[in-house]
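Asker: Structure in structure tokens, see below.
The values are calculated or read from the model by the stated rules, or taken from the named source; none is laboratory data. This is a predicted model, so every value here is computed, not measured. Virtual Cβ from ideal backbone geometry, glycine too; neighbours counted across all protein chains shown. SASA here: full protein model, heavy atoms, side chains in, ligands and nucleic acids out. Shrake-Rupley method; radii C 1.70, N 1.55, O 1.52, S 1.80 Å.
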Amino acid sequence: PPCVCCPPTVTSPCKILKCNSEFWAATSGSHHLGVEEAPEFCTALRAYAHCTRRTARTCRGDLAYHSAVHGIDDLMVQHNCSKDGPTSQPRLRTLPPGDSQERSDSPEICHYEKSFHKHSAAPNYTHCGLFGDPHLRTFTDTFQTCKVQGAWPLIDNNYLNVQVTNTPVLPGSSATATSKLTIIFKSFQECVDQKVYQAEMDELPAAFVDGSKNGGDKHGANSLKITEKVSGQHIEIQAKYIGTTIVVRQVGRYLTFAVRMPEEVVNAVEDRDSQGLYLCLRGCPANQQIDFQAIRSAQATEGRARRKGPSLPAPPEAFTYETATAKCREKLPVEDLYFQSCVFDLLTTGDVNFMLAAYYAFEDVKMLHSNKDKLHLYERTRVLSPGNTAPTGTHPALWVALLCLCWLCLL
């Protein structure tokens, strides 16, 4: 199938976050419970399972939901809990002094560079980013503009899963942007418990869905940490045990994603043949890409249409090619693909926040990309030429043709 089946919605009716938070509140101090209190943990676990069943119908395709269901089954087995029994509402607990949230020590295995590469060269890091309408920069520095409406896996390897949901920017438009993001960090040795992070439009939490800000109760819990950079607008997740940094932003109404990850982690997959929909690794499927080569060939069509007189609807807002170009140049002085994406998004949406999304996406590249000679990407026929050189400008006729093509999609 072309994507993880999940209806694109602005606000999801799935209540898994509520189930998660209730269970966390009931069991946050459970590692201090005595044996005699084990039945109370099982009661909370059954209440958790009951809550997930109540919301199951509205959670199909939600990674956080499926993660919770599998986690419940594992915990039932680990604690010898019966599925039959009381499911009374659990009482709230407060975190005791000295909880794992305060730990600063981590075993060496929970620091990627110290453990995986102790006697070898430093790892090679790669970058992937998603922003705007949406525009994707893959781990191999391929740049694509995609449709990918609905839910799609962005990363799927042995250590973590990332899924994005893209929804239409305007009613009836083919332009989409990221409205929901789910990140699952899988349990890893003595370092971290499984953790789920979820962000949606107008909700960028500074904690995992269970309320914690680190990797849980294990000895190396602080090798996974969330830091809030700007409240409600910018968070950073450091996963030192896999040498990974993730940046999530809310710009306007939509989300952006950027990651720095070692190649060894990028390629840690069980079956590479089944990773065809791992967008950061393989890019968007061909039928989901907006073909810039086709847009170039549309220049001739645009010229004929102009000679025959205007026949296309007006842009959604007052941006023309000239005003969009001037606006984007305020933040993106180099006319690379980030600049071109900015102009494209302003012409197709009329929303100035898409200019900021392109700007912050490039700022994240400057922070996360390991090769400073490849920060800028330019439009090209097939692959980057040596030195990553290319013309610095784009003829206005290309953008007129691009706008025409976008509005034809709406007819």
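Asker: Can you tell me how much longer the chain between A286 and R253 gets when fully stretched, taken as 0.36 nm per residue apart minus their C-alpha distance, in nm with one decimal? Spell out each step's value before the answer.
Answerer: Working: separation 33, 0.36 × 33 = 11.88 nm, distance 2.75 nm.
Between A286 and R253, full extension yields 9.1 nm more.
Asker: Note down, for region 108-282, the three equivalent ellipsoid semi-axes (square root of 5 times each alpha carbon gyration tensor eigenvalue), biggest first, whole angstrom.
Answerer: On the way: eigenvalues 147, 77, 34 Å².
One finds semi-axes of 27, 20, 13 Å for region 108-282.
Asker: Then there is this: For a paramagnetic label modelled at 7 Å from the Cα of N124 toward its Cβ, which residues of region 243-265 fall within the zone defined by backbone nitrogen distances under 17 Å?
Answerer: 260-265
Asker: Roughly what would the spin-label model give for E190 and N158, points 7 Å off Cα along C-beta, in nm?
Answerer: Label at E190, label at N158, 2.0 nm between them.
Asker: If you don't mind, another one. Mind checking the full-extension length gain between Q78 and E322? Use 0.36 nm per residue of separation minus the Cα-Cα distance, one decimal, nm. Don't jump to the answer; show the numbers that get you there.
Answerer: Details: separation 244, 0.36 × 244 = 87.84 nm, distance 6.34 nm.
Stretched out fully, the Q78 to E322 stretch lengthens by 81.5 nm.
Asker: Tell me the accessible surface of S67 in square angstrom (1.4 angstrom probe, heavy atoms of protein chains only), to the nearest ten.
Answerer: S67 exposes around 10 Å² with every protein chain in place.
Asker: For region 108-282, what number of Lys pairs, 8 or more residues apart or on separate chains, have alpha-carbon atoms under 16 Å from each other?
Answerer: Summing the qualifying lysine pairs gives 17.
Asker: If you take the beta carbon distance between E330 and Q238 as r and set R0 to 35 Å, what does 1/(1 + (r/R0)^6) give as a FRET efficiency, to the nearest 0.05? Working shown, then result.
Answerer: Working: r = 32 Å, r/R0 = 0.90.
E between E330 and Q238, to the nearest 0.05, is 0.65.
Asker: Could you give the length gained on full extension between H50 and S231, defined as 0.36 nm per residue of separation minus the Cα-Cα distance, in nm? Don't skip to the answer; put the middle values down first.
Answerer: Working: separation 181, 0.36 × 181 = 65.16 nm, distance 3.34 nm.
In short, 61.8 nm is gained.
Asker: Next question, about the same structure. Would you please give the residues with an amide H less than 5 Å from that of V251, counting only those at least 5 places away or on a separate chain, with H modeled from the backbone geometry?
Answerer: Sorted by chain and number, the residues that satisfy this are T256.
Asker: Oh, and also: Is there a quick way to get the dipole size of region 108-282? I mean about its Cα centre, with the Cβ of Lys and Arg at +1 and of Asp and Glu at -1; what is the value in debye to the nearest 20? Don't skip to the end; give the middle numbers.
Answerer: Working: 17 positive and 19 negative charges, 64 e Å.
Using only the charged Cβ atoms, the result is roughly 300 debye.
Asker: Count charges around H369 for me, please; just the other residues with Cβ under 14 Å from its Cβ, Lys/Arg as +1, Asp/Glu as -1.
Answerer: Numbers: positive: R137, R260, K366, K372, K374; negative: D141, E263, D336, E363, D364, D373.
That works out to -1.
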